[in-house]
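K.L.:
First the structure, which I've put down as structure tokens, then a few questions once you've had a look.
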Amino acid sequence: MTQLTAKTPPPGSPPPAPGDSQPEGEEKYGPAWVWPAIVVGMLGVQIIICTISFFVATSDPSQAIVRDYHTKALAWDEHMAELRAGEALGWNVALVVAESADMLGDRTVRLSLKDAQGEPLTGASVSVVAFHLARASQVVEAELKEAAPGEYVTQMKMRKAGLWELGFVARRGEDVYPFTLKQQVGADRWAPR
């Protein structure tokens, strides 16, 4: 014969209220897995939030890290000396960017270079690094070819309308002329609306 015994409260505790009887083996606060599951769930939510934040922070095309910034910072004095030497040359520049792009998003970039006396600057090698100010991580680079005396031309992917920054370096012999221009570019007729 099986004998049923009631749980007796420890000595000194108040007697149970009527209706507070629980079946034997049942915990007062529910199953033991609930609280660890809540903690694990909160950690999982934190991991998801961190992953989304990382993706948003690293995929924004308007944010960019300057390439090789540490070396540039170490060579700042040399860079400033190069800029001053370039300005001392007295070269004059004029930039024209085509108003509309072709179907591939290419625009004609035309740079006119003249020496201090106003004569066309021939035989120079000219390179450019450009980016839209709202998309600093999308950098476009090109070499300009001399199309006429003192006129240098290239095609660049510049589909987005707005303000662009173009950093040029013109070299002829020992002379180096680095300069930066900002250019407003019109809307592309082929761009999606």
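K.L.:
Determine the gain in length on full extension of the stretch Asp102-Met80; use 0.36 nm per residue of separation and subtract their C-alpha separation, reporting nm with one decimal.
P.N.:
4.2 nm
K.L.:
Given a Förster radius of 30 Å and the C-beta distance between Val40 and Ser137 as r, what FRET efficiency does 1/(1 + (r/R0)^6) yield to the nearest 0.05?
P.N.:
Using R0 = 30 Å, I get an efficiency of 0.20.
K.L.:
Moving on to the next point. Quick one: Debye curve from the alpha-carbon atoms of region 95-193 only, equal weights, vacuum; give me log10 I(q)/I(0) at q = 0.11, 0.17, 0.18 Å⁻¹ to two decimals.
P.N.:
-0.33, -0.74, -0.81
K.L.:
Using per-residue counts of other Cβ atoms within 10 Å, averaged over each peptide, order 45-57, 113-125 from highest down.
P.N.:
Going by the mean number of other Cβ atoms within 10 Å, highest first, we get 113-125, 45-57.
Read-outs: derived from the displayed coordinates by stated rules, not from any lab. Keep in mind it's a predicted model, so treat the numbers as computed, not measured. Ideal geometry is used to build each Cβ from the backbone, glycine not excepted, and the neighbour counts take in all protein chains shown.
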